[in-house]
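Written out below as structure tokens is the structure these notes cover.
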Amino acid sequence: MQASAVDIRKVNKYYGPFHALKDVDLAIPPGKVTCLIGPSGSGKSTLLRCINFLEEYDSGEIRIDGQLIGYEVPGRKMSGRKLRQMRRSIGMVFQQFNLWPHMTAKENVAEGLIRVRGLSKSEAETRAAEALTKVGLADKMGNHPARLSGGQQQRVAIARAIAMEPRLMLFDEPTSALDPELVGEVLNVMKALASEGMTMVVVTHEMGFAAHVADQVAFMEKGELVAVDSPQGIFHAPKDERIWNFLRTYHERNSF
Amino acid sequence: MFSIPVFLQSFEPLFWAARYTLLISGLGIALGLVIGTLVCAARLSPYAPLRGFAAIWVSFLRGVPLLVQLLVFYYTLPVIGIDVPAIFAAVVTVGICASAYISEIWRGAIAALPRGQAEAAVAIGMTPRDTWTRVILPQAFTMSLPALVNELILLVKASSLVSVVGILELTRASQAQAATTFRPLEVYLAAACIYLAINLCLAALGRYLEHRTAV
Amino acid sequence: MEWSILEQYGPALLRGFGVTVLCWILGTIFGMALGLMIALIQRYGPRWLGWIIQAYIEVIRGTPFLVQLFVLYYGGPLIGLRLDALPAGLLGLTIYGSPYFAEIFRSGFRAVPHGQIEAARAIGMAEPTIVRRVLLPLGLVSSLPALVNFSIILTKETVILSIITVPELMYQVSRMSTETFRYLEANLVLALFFWALVETISRVGRRLETRITKHLIERT
């Protein structure tokens, strides 16, 4: 058994009196795709954002390749510098893309390489061009985000993340803000990334993607991690009634 | 009776004075930008005393009429032993007053940016400094350009008040001319036309910037 | 400042304050009335009238209040408009404020969802009734914060009336300071006074807003 890429242990998170994450335990295997599913408000996005410490967890431990993130030791926060160092190797893709509208597609991708990795401008632009070609946007490099479709914007955002050569990629509902006909192009890029052996954690409502691409699926409800299993196990032999209820509502809403 | 020749003749000497109106409002907005940026930084800083000071600064300058500010400043300078030309006092007062409004314009623009913009920068490991200078400020600046042009229009109008401390800008010059020609209607209307022309140009600039950033 | 000065000038200052408040209240009321008329004409009036009004708005918003006052007070008599300082000042305030009030009302009306007006038409209400019963009440409520805001700006503009010798507070303070040579102290006190006044009005205004809009906020 290989060591986990991400090891989440007994993580708790509160928003005031609201208990958002309850003793969550989860191991993310390296080189595999883990999908987080569950009803909205179940804490799956919060959990994902705790992995790169965009959201601070209150207790428990999250280790990336064995190293604790966010805290020096439990209870004492790590320095901003060290945290940035760790975040460099964790790529993140947001629901709202969050591309910087004042930069072209290429500049969006190159920005991190220049400012964070310290590459020269020309080197960064070469790498940015490579990353954009990989997501199929070689012909859109000079466009500003406002001139791109939602699907293209999200692919630029993925290129921005992979150009940093991360060891781990986090996807926060990457297709939820897209028109239905644009979802496919983004999922295809993600599938290609998965087949290259990228470690991926994906919060998604696309059950098809979870069923066919994921290596493991985690189901969350009300801040609790209810089950972690193979897609087969979650979708065809759910052991928990809550999963069954969730899937039934999902199917009812998506059938006609 | 309103006389068109007198009206037309009034323009020429006023054009000269209008340059001072432009100078005072132009330097005023430049100074206002510098101080306003500092005040805004103070308002957003993590240090409570700094925030409090900036809040009082903004509240005072927005609560006191510019005319009163002008006189306070004008009469304070000699008391603390500073002997400067009145026009300097005028520019500084106009600039300080503008700083309060400009600080609020910045603050509004920064608050209007979606949170995700900064998050995306933080997630790839950018320093807070790079996040501000590369992601937040460039966007906030473009967003506030129309509001800043609007502030400049307000300053052009407000600069008419410095006539009370004897600076020979457009309003003061028209007062002087009205007193010598005994044709206040024509002279003041001519002055109004010049103000209007300046401000219509600025308003057009503002619309152009708004249109350009909207794309 | 010595007490004797206050004793000597107290009554004049009080009178000045009274005139300031009078100018502020009447200026706000008249300006709002004219502004509302303008906004309604722009919405329902003939197009040519709308253009004339648009030109009026541009001219008033593009020129300084002080110059408008000069035209009115010193230029007016040449075309037979002879007014004392106070009425001239009030007329000036009304004219000066009207385009800003009109703009506030206009965007307030725009904020009324079209469906609200269609709903009134659908039950057969006549246009004037719709204006009175639907457009005005809803539009006014959404204009309220901006109205309070601009009314505060008008408070500050009243000091400019002192330049055409309207005997309001600033006029009295200037007279006092020229006679006593206490320029700085007098203006400093005036500044603090206005600061307090504006802060108070805006606080009261905010409270008023929450009270009036309370029933419109959906409970969640």
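The values are calculated or read from the model by the stated rules, or taken from the named source; none is laboratory data. In this text the structure is predicted, and so the values were computed from the model without any measurement. Virtual Cβ from ideal backbone geometry, glycine too; neighbours counted across all protein chains shown.
The residue that is farthest from B:G26 (Cα to Cα), among those in the range B:191-215 that are more than 10 Å from chain C (Cβ to nearest Cβ) and of a type in the set (A, V, I, L, M), is B:V215.
If you check B:S163, B:S174 for being touching a residue at least 40 places away in the same chain (Cβ under 8 Å) and assigned to a helix (DSSP H, G or I), only one passes: B:S174. Listed by position, the helices (runs of 4 or more DSSP H) enclosed by the range A:43-129 that each have at least 1 residues that are touching a Ser or Thr at 6+ places or on another chain (Cβ under 7 Å) are A:80-87.
Let's see how each residue does on (1) modelled with pLDDT of 85 or more; (2) surrounded by fewer than 21 Cβ atoms within 10 Å (Cβ to Cβ); (3) not hydroxyl-bearing (S, T, Y):
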position	(1), (2), (3)
B:S163	yes, no, no
B:Y188	yes, no, no
B:C193	yes, yes, yes
B:A204	yes, yes, yes
B:A214	no, yes, yes
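For the range B:48-100, a residue qualifies if it is under 14 Å from C:V189 (Cα atoms) and not aliphatic (A, V, I, L, M), and the qualifying residues are B:F60, B:G63, B:P65, B:Q69, B:F73, B:Y75, B:T76. Do we have B:E169 as among the acidic types (D, E) and either within 14 Å of chain C (Cβ to nearest Cβ) or within 28 Å of C:I160 (Cβ to Cβ) (or both) here? When the stated conditions are applied, B:E169 passes them. Any residue in the range B:59-81 that's facing chain C (nearest Cβ under 7 Å) and surrounded by fewer than 20 Cβ atoms within 10 Å (Cβ to Cβ): show its pairings with residues that are β-branched (V, I, T) and assigned to a helix (DSSP H, G or I) at Cβ separation under 8 Å, as long as the two are six or more apart or on different chains. Hits for this filter: zero, empty list. Scanning the range C:168-183 for residues being buried (at least 19 other Cβ atoms within 10 Å of the Cβ) and either more than 28 Å from B:V79 (Cα to Cα) or free of Cβ contacts under 8 Å to residues at least 12 places away in the same chain (or both) gives a total of 2. Taken together, C:T165, C:T155, C:T213 contain a single residue that is out of contact with any strand residue (DSSP E or B) (no Cβ under 9 Å at 6 or more places or on another chain), in contact (Cβ under 8 Å) with a residue 24 or more places away in the chain, at positive phi and hydroxyl-bearing (S, T, Y), which is C:T165. For the subset of the range C:184-200 comprising residues that are among the aromatic types (F, W, Y) and surrounded by fewer than 21 Cβ atoms within 10 Å (Cβ to Cβ), which member is farthest from the other protein chains (Cβ to nearest Cβ)? Among those residues, the one meeting the criterion is C:F193.
Of all residues in the range B:121-137, those that are touching a residue at least 12 places away in the same chain (Cβ under 8 Å) have Cβ atoms under 9 Å from Cβ atoms of residues that are part of a helix (DSSP H, G or I) and among the hydroxyl-bearing types (S, T, Y), 6 or more apart or on another chain, in B:A121/B:T131.
Among the residues of the range C:47-80 satisfying the criterion of being of a type in the set (S, T, Y) and under 19 Å from B:I198 (Cβ atoms), which is surrounded by the fewest Cβ atoms within 10 Å (Cβ to Cβ)? The qualifying residue surrounded by the fewest Cβ atoms within 10 Å (Cβ to Cβ) is C:Y56.
Within the range B:174-185, no residue satisfies the criterion of being buried (at least 24 other Cβ atoms within 10 Å of the Cβ) and more than 8 Å from chain C (Cβ to nearest Cβ). Checking A:S40, A:S45 one by one, the residue that is under 14 Å from the mean Cα position of the chain (by Cα) and under 30 Å from A:H251 (Cβ atoms) is A:S45 and no other. Note on the range C:111-127: among residues that are β-branched (V, I, T) and not in a helix (DSSP H, G or I), the one that is surrounded by the most Cβ atoms within 10 Å (Cβ to Cβ) is C:V112. What do you reckon, is C:P137 part of a helix (DSSP H, G or I) and either more than 14 Å from chain B (Cβ to nearest Cβ) or exposed (fewer than 15 other Cβ atoms within 10 Å of the Cβ) (or both)? So C:P137 passes the test.
Considering the range B:132-145, and only residues there that are among the hydroxyl-bearing types (S, T, Y) and more than 23 Å from B:L61 (Cβ to Cβ), the residue that is farthest from the other protein chains (Cβ to nearest Cβ) turns out to be B:T133. Taking A:P231 as the residue in question, decide whether it is more than 29 Å from A:I64 (Cβ to Cβ), surrounded by 12 or more Cβ atoms within 10 Å (Cβ to Cβ) and in contact with an Asp or Glu (Cβ under 9 Å, 6 or more places away or on another chain). In short, no. Scanning the range C:94-141 for residues that are among the hydroxyl-bearing types (S, T, Y) and over 22 Å from the mean Cα position of the chain (by Cα) yields a total of 1. Candidates in the range A:115-128 are the residues that are among the hydrophobic types (A, V, I, L, M, F, W, C) and buried (at least 19 other Cβ atoms within 10 Å of the Cβ); of these, the one that is nearest to the other protein chains (Cβ to nearest Cβ) is A:V116. Within the range B:93-120, being closer than 30 Å to B:Y74 by Cα and either among the polar types (S, T, N, Q) or free of Cβ contacts under 8 Å to residues at least 24 places away in the same chain (or both) holds for B:T93, B:S99, B:S103.
Taking the condition more than 14 Å from C:Y9 (Cα to Cα), part of a helix (DSSP H, G or I), more than 10 Å from every other protein chain (Cβ to nearest Cβ) and modelled with pLDDT of 90 or more, does C:L208 pass? Judged against the criteria, C:L208 is not a match. Of the residues A:L178, A:L187, A:L225, A:L170, the single one that is part of a helix (DSSP H, G or I), on the phi < 0 side of the Ramachandran plot and of a type in the set (A, V, I, L, M, F, W, C) is A:L187. For the range A:83-106, the condition holds for no residue, the condition being that it is polar (S, T, N, Q), more than 9 Å from every other protein chain (Cβ to nearest Cβ) and either surrounded by fewer than 18 Cβ atoms within 10 Å (Cβ to Cβ) or under 21 Å from A:T175 (Cβ atoms) (or both). If you go through the range A:1-31 and keep only what is in contact with a Ser or Thr (Cβ under 8 Å, 6 or more places away or on another chain) and of a type in the set (S, T, N, Q), you end up with just A:N12.
When only residues in the range B:105-131 that are within 26 Å of the chain's Cα centre (by Cα) and either within 12 Å of another protein chain (Cβ to nearest Cβ) or surrounded by fewer than 16 Cβ atoms within 10 Å (Cβ to Cβ) (or both) count, which is nearest to B:I56 (Cα to Cα)? Step by step, filter the range B:105-131, then rank; the result is B:G108. In summary, B:V92 fulfils each of the numbered conditions (1) away from every other protein chain (no Cβ under 13 Å); (2) surrounded by fewer than 17 Cβ atoms within 10 Å (Cβ to Cβ); (3) in a helix (DSSP H, G or I); (4) not acidic (D, E) with the single exception of condition (2).
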